[in-house]
Amino acid sequence: MYTSRPKAPLCPVTVYLCEDTIDGIFTAIYRAWADGTSHTDVRVRTNDTMSLFETYIFSESDGTLARKVQRSIIQKLSVDIYETCYQAMLSDDDKKASTLYHFLQKAFRCGSDILNRLNDPDVFRIFELSRTVGHEAHKYLGFVRFEERNENLLTARIQPKSNVLPVLAAHFADRLQPENWIILDTIRRFAAIHPAGKPYFLQWGVTEEMLLSVPVSDHEKDWEQLWSCFFNTIAIQERRNTDLQRSLMPLHYRTYMPEITK
């Protein structure tokens, strides 16, 4: 009579749950590495149903540990790989932390050539996430509309799918260095705040009501009407192509664009 061999007991997977921030994800990756087994994973904290075969540990963000992971990527791999990973972590994909964790495991084994191995699913996914975030950020560089408010303040509101604000903030800090400005991600309540002549900083918990509490300047409505008039005047109605316009300027970019909404 055939008797099957007893199966080895299943090794539970330890999952490090983290905040959806760069520091949060890098901190969880550091602690998962410290666990030292192949039975670990890292995930952004969500309200998903948990599994009976997994152990969950919430990893609190730690800037010191996050900087260690950052330095390791830059020094042992390359700046390009770090920038790719950083941009991928700004995506709205809920599996990005796990993908990055497994990507970095392979990267530290393979070296800086890892980005050329697009046949690997984790490498391809990180590249794809980074490219998607970069594409949306590039679009917003042309679609951000600032409003002039009292107290010499420029404000802009966006509703991005990905957390592109850190990319936008670096761009506008270079080009609007002598201005006071705020860019608010109204979905995440996340703002980039730039005092004139000083470095910008990022702040969570900023609401749209707080931004609108500063009245617009006397000239702002005139400028908006002038811009809207220019936009409509240069259009050639006989060649209007709504489908092409939606392709080049998707609807989710238009919420705060005065030439479209007014």
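Only protein atoms count toward the accessible area here, which uses a 1.4 Å probe; on region 124-262, the carbon and sulfur part of that area reaches 56 percent. Accessible area per residue for the chain, computed on protein heavy atoms with a 1.4 Å probe, is 60 Å².
Rounded, prolate or oblate: which fits region 67-150, taking a ≥ b ≥ c as square roots of the Cα gyration tensor eigenvalues, rounded meaning a/c under 1.5, else prolate when a/b beats b/c? Verdict is prolate for region 67-150. Under 17 Å from a label point set 7 Å out along the Cα-to-Cβ vector of Glu220, the amide N atoms of region 133-175 belong to 144-159. Of the listed pairs Lys76/Lys96; Lys76/Lys198; Lys68/Lys161, which have alpha-carbon separations greater than 27 Å here? Among Lys76/Lys96; Lys76/Lys198; Lys68/Lys161, the Cα-Cα distance tops 27 Å for Lys76/Lys198; Lys68/Lys161. Summed over qualifying helices (DSSP H, 4 residues or more, each -39500 (n - 2.57)) and divided by its residue number, the chain shows a 222 nm mean residue ellipticity of -14000 deg cm²/dmol. Given axes a ≥ b ≥ c from the Cα gyration tensor, I'd like to know whether region 161-262 is rounded (a/c under 1.5), prolate (a/b larger than b/c) or oblate. Because a/c hits 1.5 or more and a/b exceeds b/c, region 161-262 counts as prolate. Taking the Cα centre of region 109-174 as reference, the dipole from Cβ charges on Lys and Arg (+1) and Asp and Glu (-1) amounts to some 180 debye. A Förster radius of 41 Å, combined with the Cβ-Cβ distance separating Glu209 from Ser247, puts the computed FRET efficiency at roughly 0.75. What shape does region 97-256 have by the C-alpha gyration tensor, where a ≥ b ≥ c are the square roots of the eigenvalues, rounded means a/c under 1.5, and otherwise prolate means a/b greater than b/c and oblate the rest? Oblate, because a/c is 1.5 or more while a/b does not exceed b/c. Gain on full extension, evaluated as 0.36 nm per residue between Ser228 and Gln105 minus their Cα-Cα distance, stands at 39.2 nm.
For the chain, a Gaussian network of Cα nodes joined below 10 Å ranks Asp185, Asp62, Asp41 by mean-square fluctuation, and the top entry is Asp62. Its relative contact order, with pairs defined as Cα atoms under 8 Å and 6+ residues apart, puts the chain at 13 percent.
The values are calculated or read from the model by the stated rules, or taken from the named source; none is laboratory data. Note that the structure is a prediction, hence the values are computed from the model and not measured. Methodologically, a virtual Cβ is constructed for each residue, glycine included, from the backbone with ideal geometry; neighbour enumeration extends over all protein chains shown. Heads up: the accessible areas ignore ligands, DNA and RNA and are worked out on the full protein's heavy atoms, side chains in. Shrake-Rupley method; radii C 1.70, N 1.55, O 1.52, S 1.80 Å.
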